[in-house]
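A.B. asks: Dumping the structure here so I can ask a few things about it.
The values are calculated or read from the model by the stated rules, or taken from the named source; none is laboratory data. Just so we're clear, the structure is a prediction, and the values are computed from it rather than from any experiment. When we count neighbours, we look across all protein chains shown, and the Cβ atoms used for this are built from the backbone with ideal geometry, even at glycine. Each accessible area value is taken on the protein alone, full model and side chains, heavy atoms only, with ligands, DNA and RNA left out. Shrake-Rupley method; radii C 1.70, N 1.55, O 1.52, S 1.80 Å.
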2 protein chains.
Amino acid sequence: MRKRVTIYEVADAAGVSVATVSRALNGGRVAPQTRARVLRVAEELGFSPSPAARVLATGKSRAIGVVIPDATGPLYGRMLRGIGLELAQAGYTYLVESSERDPGREARVLRDLSARDVEALVLIGSGLGSEALAEMRRELPELVLVEREGAALEAPMITIDNVAAGERATRHLIEHGHTRIAHVAGPRRAGRERLEGWRRALATAGLEPGPVVEGGFTEAGGYRAAVELAAMGGFTAVFVASDRMALGAYRAFREAGLRVGEDVSVIGFDGLEFGAYLDPPLATLRQPAQQLGQAAARAALAVLRGEHPENVVLSCEIVPRASVRKIGGGGL
Amino acid sequence: MRKRVTIYEVADAAGVSVATVSRALNGGRVAPQTRARVLRVAEELGFSPSPAARVLATGKSRAIGVVIPDATGPLYGRMLRGIGLELAQAGYTYLVESSERDPGREARVLRDLSARDVEALVLIGSGLGSEALAEMRRELPELVLVEREGAALEAPMITIDNVAAGERATRHLIEHGHTRIAHVAGPRRAGRERLEGWRRALATAGLEPGPVVEGGFTEAGGYRAAVELAAMGGFTAVFVASDRMALGAYRAFREAGLRVGEDVSVIGFDGLEFGAYLDPPLATLRQPAQQLGQAAARAALAVLRGEHPENVVLSCEIVPRASVRKIGGGGL
DNA sequence: CTCGCTCGTGTAAGCGCTTACATAGTTCGG
DNA sequence: CCGAACTATGTAAGCGCTTACACGAGCGAG
C-alpha cells in the first residue's frame, strides 16, 4: 500500500467538503459542474477510494466468495470467468478458494471466506454434506449452489441437466446402432445423474443396461474402470461420464487390444479441449461452464437484492466425433 | 454479512476494555488469565474480527494479489495452491485475477488489484511489456515476478530454468540416438529460453539445428506447427515446448502418417497429467508448479518484511516415456 | 520507606469513507 | 412579495478495529 490519496485531499483541492466528494463519486445529488470538478481533481490526484473504509462505512463489501473443488480444473476456470464477467458489470468482485475436494477443508474455507466480508457465497460442485452445510448455514452469508445438491437449503441452485445430457450421450450411441452399452460412472450428484440419463435412454430404447463401473472422474479411475469393463466384455459402446476418464479408458482399451471408434465406441462428457486431438477425436457433451458461472453470479446478485431467483438448469451440447462409429454388427 | 459481533460486545461480556480484547486477540501484553477469559468469551459469542476495520486501522491487509494469464491452466492452479499454502502459514490470503493473456486487460487487472488493498502483487507469466510495467510501477504495491522477464524492475524473480530444461529435453532425444531434431517453439520468455536450451544441447553434441516452428503454446498451434514440420521433413525427433502443443503435434503427425514413438520421437514440456495416457505416453519435463508458487509467496512475504530476497530458479524433472524411442537409423 | 520500574489495563484518537441532519440559497405559487 | 419547497453543500457521527499514551498497582533497590 503506497501513500494513499484520501478523500480529504481531493475535497481540499476541489474546494468542497468530503461529503460532496463522496456524493460526486457515488452518484449522489451534486451540481453537475461541481461533480465535474471533483472528478477531474480526483483523477489528477490519482485518488482511489479505500475499499476497507468503504466496507466499514457501508457494511457491504461488494464481493462474493466462490468455492471450487479443485484449482486445476479447466471447467472451474471457465466458470470463474463467467462469474467474473457478470460480477464486474455490477461493480462486484469475487474471492476464490479451493476445497481440494476435502469436506473438512471445505468447511474451513467456507468459514474463512465468510469471515472475509463476502456478501454471498457460491459453492461449486461442493462435496460437503447437506446436513453439515445446513448446520453452518446461519453463520454463513447468502448461498448459491452450483452443481451440488441442497434442495432443503432454500438457496438458488444452478445446475446443468445431467440426466438429459447423459440420456443424449447414450442416445447418440444408440442412434449409431449400438445396443450393448456400458457406462463408466462418476461420483457425487453429477455422476449419479449422468448414470440415470444413461439408464433412461436405454429404457426408452428398450435395451438392457450394460455393465457399469465407477471411475471417480479421474484419468486413473477411468483407466481402471475400462480395464475392468474390457475384461468383462459384453458391450460395443461406452458412455464415460467425463472426458478425463475417457482419456484413461482410451488407454485401457488400447492395452486390451480394442480400437476406440472401431471395436468400441466411446463418448465422454465435459467438452474439454484436448478431446478434439485424441486418436480418434473424442465425442462428448460440452458443458456450458462459463454460462453456469454467469448464471451463478446473476443469482447471487439477485439474492443480494433480496429477490428469490429461480433455479437455473442449463443443458449441454453434443459434440459428435469419430470415437463414436456406426456399428456394423460385430462387437465383443 | 450477518449481524456482526463486535469487539465491544466481547469487551462487555468479558468485563474488560476493547483495547484489552484487541491485545488478547493479537498477542499483546495481557495477563494470562485475562487473555484466557477474553478468548473464551470471544469464542462463545462467535466473534470474528472485521477485516475491513482491521485493514483500516492498521493499514495492512494481509493479502496479496496474484495475476495469472489464464484461469483454465492446470499449471496455474498448482501454483496458486503453492501460494495459498505458503501464505496461509503467515496468516495471509490472496486475491487472483486472470489477464486472459491480454496486456490491456492485464494492466487493468493490476490497477484493480492494487486498488483492492493488496500489499504485494505476484505476476505470473505476465505478458505486459517491461516498459509498461515500469511505468505503472510506482502506482503499484510490491512486485514479485514469476516466469516473466523484468530484470530492470528490481523485483524478485521466480523462474524455472527453462534453458537447462530445454537442454535436458533435447539431450534426452540425443541420448536416444537422434541427430536430426526439430523444435516446436513457444512464445514469450519461456518459449525463447526453451528454444535456447534446444540450441545449446545440439551445439554441445555438435549437431546441426533442425527446423523450428512456433506454436503459441496451444493444441491448435502445436498442430499447425507439426503439420508444417511434417511437410518439411528432415528430422527424426522433435522437442515440443509444451504438452498441449505436443498433443496437437500427435494429431498432425498421425494425419501425416507418422507414428509417434516409431517414426518420430516427441518430448513435451510441463508434465501435465494427460500425457501419461496418450498413445504413446508423452515424455516430458515436469514443471515444479507448486514449488514455484510457494517460492513466489515466500518472496512476497520477504519483500513485505523489507528484505531483498534472492531470485529463485527451480529446475524441471525429466519424465521419460514411450514417445521417445531409440533410433535404429532410418528417419524421414 | 520512598523512588522508579514494570505490568496490566483503560481512554481516546484515529484509519478513510458514507450518510443523516442541518443550513443557506433558489425558485415559485398565490 | 412572502413563505413553502427544493436544491446544493457542509457538519459530524459513526463503521470496528488498533495503538499511543496515561494511570494505578505492585515490587525491588537504595
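A.B. asks: Consider just the alpha-carbon atoms of chain A and return their Rg together with their Dmax, both in angstrom.
C.D. replies: Spelled out, the Cα radius of gyration and Dmax of chain A are 25.5, 87 Å.
A.B. asks: Can you give the percent of C-alpha pairs in the stretch A:101-236 whose distance is more than 24 Å?
C.D. replies: Counting pairs separated by more than 24 Å, the tail of P(r) holds 43 percent.
A.B. asks: Can I ask one more? Roughly how many nanometres apart are two label points built 7 Å out from the Cα toward the Cβ at residue A:60 and residue A:102?
C.D. replies: A separation of 3.6 nm, rounded to one decimal place.
A.B. asks: Hey, another quick one. Compute the helix-to-body angle for A:103-114: its Cα long axis versus the longest principal axis of chain A, expressed 0 to 90° and rounded to tens.
C.D. replies: 20 degrees
A.B. asks: I've got another one for you. How large are Rg and Dmax for the stretch A:1-158 when only the alpha carbon atoms are used, in Å?
C.D. replies: Cα radius of gyration and Dmax of the stretch A:1-158 are 19.9, 58 Å respectively.
A.B. asks: In the stretch B:143-176, what GluC sites (Glu not before Pro) fall in a loop by DSSP, with at most 11 other Cβ atoms inside 10 Å?
C.D. replies: Listed in order of number, the matching sites are B:154.
A.B. asks: What are the extents of the Cα atoms of the protein assembly as shown along their three principal axes, in Å, largest first?
C.D. replies: Reported extents, whole Å, longest axis first: 80, 66, 59.
A.B. asks: Considering only the protein assembly as shown, what is the antiparallel percent among its DSSP beta bridges, to the nearest 5?
C.D. replies: Here the share of antiparallel DSSP bridges comes out near 10 percent.
A.B. asks: So, one more: Placing a label point 7 Å from Cα toward Cβ, how far apart in nm is residue A:136 from its equivalents in the other copies, listed shortest first to one decimal?
C.D. replies: 3.4
A.B. asks: Out of A:46, A:275, A:222, any idea which swings most in a Gaussian network model of chain A, alpha carbons joined below 10 Å?
C.D. replies: In this elastic network of chain A, the residue with the biggest mean-square fluctuation among A:46, A:275, A:222 is A:46.
A.B. asks: If each residue of separation counts as 0.36 nm, what is the full-extension length gain between residue B:228 and residue B:255 once their alpha-carbon separation is subtracted?
C.D. replies: Extra length available between residue B:228 and residue B:255 comes to 8.5 nm.
A.B. asks: If the viscosity is 0.692 mPa s and the temperature 37 °C, what Stokes-Einstein diffusion coefficient in µm²/s follows for the stretch A:7-49 when Rh is the Kirkwood radius over Cα pairs?
C.D. replies: 339 µm²/s
A.B. asks: Partner chain Cβ atoms within 10 Å, averaged over the residues of A:66-74 - can you pull that number for me?
C.D. replies: Partner-chain Cβ atoms within 10 Å, mean over residues of A:66-74: 4.
A.B. asks: So, in nm, how far is label residue B:154 from label residue B:203 when the simple model puts each one 7 Å beyond its Cα toward the Cβ?
C.D. replies: Placing both labels 7 Å beyond Cα along the Cβ direction yields 3.2 nm.
A.B. asks: Run the numbers on chain A and let me know its relative contact order in percent, using alpha-carbon pairs under 8 Å that are six or more apart.
C.D. replies: That works out to 16 percent.
A.B. asks: I've got another one for you. Can you list, shortest first and in nm, the gaps between the label point of residue B:111 and those of its counterparts in the other copies, using a point 7 Å from Cα in the C-beta direction?
C.D. replies: The projected label point of residue B:111 is separated from its counterparts by 4.0 nm.
A.B. asks: May I pose another question? Order the following by accessible area, largest value first: B:321, A:148. Probe radius 1.4 Å; ligands, DNA and RNA are ignored.
C.D. replies: Ranked list, largest accessible area first: B:321, A:148.
A.B. asks: Let me ask you something else. Starting with the highest mean, order A:205-211, A:259-265 by the number of other Cβ atoms within 10 Å, averaged over the residues of each peptide.
C.D. replies: Going by the mean number of other Cβ atoms within 10 Å, highest first, we get A:259-265, A:205-211.
A.B. asks: Placing +1 at every Lys and Arg Cβ and -1 at every Asp and Glu Cβ, with all other atoms neutral, what dipole size does the stretch A:162-287 have around its Cα centre, in debye to the nearest 20?
C.D. replies: 300 debye
A.B. asks: Further question on the same structure: Hey, which residue of A has the C-beta nearest the axis mapping A onto B, and what's the distance in Å?
C.D. replies: A:52, 2
A.B. asks: What figure in square angstrom, to the nearest 10, would you give for the accessible area of residue B:251 with a 1.4 Å probe?
C.D. replies: 60 Å²
A.B. asks: Which of the trypsin sites (Lys or Arg not before Pro) found in the stretch B:260-307 are in a DSSP loop and have at most 14 neighbouring Cβ atoms, other than their own, within 10 Å?
C.D. replies: B:305
A.B. asks: Let me ask another. Given the whole protein assembly as supplied and a 1.4 Å probe, what does the accessible area of residue A:326 come to in Å², nearest 10?
C.D. replies: Its accessible surface works out to 140 Å², give or take rounding.
A.B. asks: What does the copy distance list look like for residue B:17, label position 7 Å along Cα→Cβ, in nm and ordered from shortest?
C.D. replies: 3.2
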